[in-house]
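The values are calculated or read from the model by the stated rules, or taken from the named source; none is laboratory data. If you're wondering where the values come from, they're calculated on a predicted model, not measured in any experiment. Glycine also receives a Cβ, built like all others from the backbone with ideal geometry; neighbour counts cover every protein chain displayed.
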Amino acid sequence: MHLKKLIVSGFKSFADKVTLNFDEGITGIVGPNGSGKSNVIDAVRWVMGEQNAKYLRGEVATDIIFAGSDKRKALGMAEVTLVFDNREGSSFCPPEYRHEAEIALTRRLYIDGEREYMINKKPCRLKDIVSFFATTGLGGRSYSMIQQGQVDRILNAKPEDVREILEEAAGTLIFKSRQQAAQKKLENTQENLKRIDDLLRELVAQLDALKEQVEKVEAWKTVSTRLKEQELKLFSHNFRHFSTKLLEVAGQLENDSDSEIKAVTDLSVMEARVEELQSSLAESDPELEQVREEISHLREQIVRAESFITSALKTLEGGQRRMLELDTQIGEEQENLKALETSVETKTADFDRLTSELERLKDMIESFQDEVDSVEEAAQVFQNRSQDLEDEVRNLEHLLESNRLRCESIERDRKRLLIEFQTYSERKEALDANVRTLSDKTEEARALLNDRQSGLDQELQTKQDLELNVQRREQWMRESSKLRDQHKEAYLTARAKLKSL
């Protein structure tokens, strides 16, 4: 899988749609200052998931949209598409895209801040694009994207930075991010379980209280039913009793009415008799006294009859009022019973609803527990895989550190040999100058030359020895350089092996 082309539209200085084809053999982009070379790198970095505007040489996210010029108005959208050739089905490609001959990743940004992400023209999330590159060992800030002024970043990197670079190159960074995501998901699940436990305890408490209320309502309903039955029996008994009493009173009233009529008749007769007796009063006083007693007795009977009639009428009116009150009380009790039945139905419905909610929460707890177990298993797999990769990374770090130290030692030896070579060269030049000076001497100096011939021969011998030493040093430097190249090749081989993992 290799980069096939880059399509840029509305991004920074690329107002028009531009397609850059990266055919086989292209290794770089050249051009004069201000031609947009850095903007190409920014476009690649942006579509690979970069979100920090500073890394794109801007202040805010919308700074990447073409801002307009003297001849062109500003645009409202920036779009960048990376197209990869995947006809060989690279193993570095995520499994779900290995069957695709081409993979196009698109990112859009509108001036209002709205964003769109697509893989092969299908909408996706930014997370999906970042994960896609993470599985390949690439990324917007990875070792594969080194900007100007950051060339020495790897050479001067700290051990933890080197480790991160190696993990990214080996493709293990995605496992670490997935492990972190799984760990975060596990923590969220545990928090959800805690909240569910709290909710469950609260619902159980409510359920217990509702159970007690339902039991009380059921007991009250039973007692109320029995009370209603007893009251109905009492009302029925009282009704029959008052009905009987009413009939008796009515009979008595009828009898009293007959007695009253008879008494009135007798009174009339007696009054006539009184008049008759009064007319013959003078004839016999004893008879008059007897008549008076009879009249008084009859009047007492009349008063008693009237009192009894009044009492009977009051008793009848009281019985009727009591019957009306009992009818009203029966109606009120029936309304209370209906309200109580409605309350019982409501409480029962609440009880059933809470029972269903409790069952649903239990199912959710079981589902969360299964998810927790699955996440824990995945986390354990990632942990084991991460541990193995960390061991390999540590071994490679040790090897890299050893090679780096050896390279530094070779570099120090090389610098020292260069200094010695320079010293020997200067000394050789001085000797050559001396030789030329001696050669230019006239014959007047032959005697002196002969006298110093032995010393010159010795200096020449020293010169030859120095030249031989220089040759040996140069040979040693070539061997050191060869050894350094071998170590560098071993490091590249190890990194390729790590990347293939």
* To do: Would you check if there is a residue in the stretch 15-36 being assigned by TED's automatic domain parsing to the domain that holds His99, touching a residue at least 60 places away in the same chain (Cβ under 8 Å) and in contact with a Phe, Trp or Tyr (Cβ under 8 Å, 6 or more places away or on another chain)?
  => yes
* To do: Scan the stretch 44-63 residue by residue and report those that are of a type outside the set (Asp, Glu) and without any contact (Cβ under 8 Å) to a residue 12 or more places away in the chain.
  => Asn52, Ala53, Lys54, Gly58, Val60
* Considering only residues of the stretch 30-53 that are of a type outside the set (D, E, K, R) and in contact with a Leu (Cβ under 8 Å, 6 or more places away or on another chain), which is modelled with the lowest pLDDT? -> Gln51
* Taking the residues in the stretch 408-447 that are of a type in the set (A, V, I, L, M, F, W, C) and at pLDDT below 65 as candidates, determine which candidate is nearest to Pro159 (Cα to Cα). => Val435
* To do: Could you check, for the stretch 452-474, whether at least one of its residues is modelled with pLDDT of 70 or more, under 30 Å from Glu401 (Cβ atoms) and not basic (Lys, Arg)?
  => yes
* Residues satisfying the stated conditions in the stretch 20-47, i.e. touching a Ser or Thr at 6+ places or on another chain (Cβ under 9 Å) and closer than 19 Å to Ile103 by Cβ -> Val47
* To do: Determine, yes or no, whether Glu100 is at pLDDT below 90 and at negative phi.
  => yes
